[in-house]
Amino acid sequence: MAVTGGELEMVQRHVDEGRLLIERQQRVIADLTIAGRPTKMAIDVLATLEHAQNLHEEHLARVRGRMGHSLRHHHNWYEHGCDGSTGAARTAETSLV
């Protein structure tokens, strides 16, 4: 399955937004702690956000991996050509013209 720039942007946005949410939740926990308030629920929310962030980052890695595969496939197709010739052979042929 080919990766589009839009898909990569979406997944990267999810990762970036997740990091911001985690930082915000960490500040909430710090503020609650300073105020002497209960933190269990806030810590549970943080754990959920961190789990979701791990999933987002794994998704980003898979998308980047597929993009790398697509780029390598395109590079190999160019180097070897759909007719089975090598890039060097095509270059030599075109330089004779």
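All of the numbers you see were taken from the coordinates with simple rules; none came from a lab. On a predicted model such as this, the values are computed, not experimentally measured, just so you know. Reconstructed Cβ throughout: ideal geometry from the backbone, glycine too, with neighbour counts over all protein chains shown.
For the reader, a short list of remarks on this structure follows.
- Neighbourhood charge, 14 Å Cβ-Cβ cut-off, centred on VAL15 and excluding it, Lys, Arg +1 and Asp, Glu -1: -4
- For a label point 7 Å along the Cα-to-beta-carbon line of HIS59, residues of the range 15-31 with backbone N under 17 Å: 15-22
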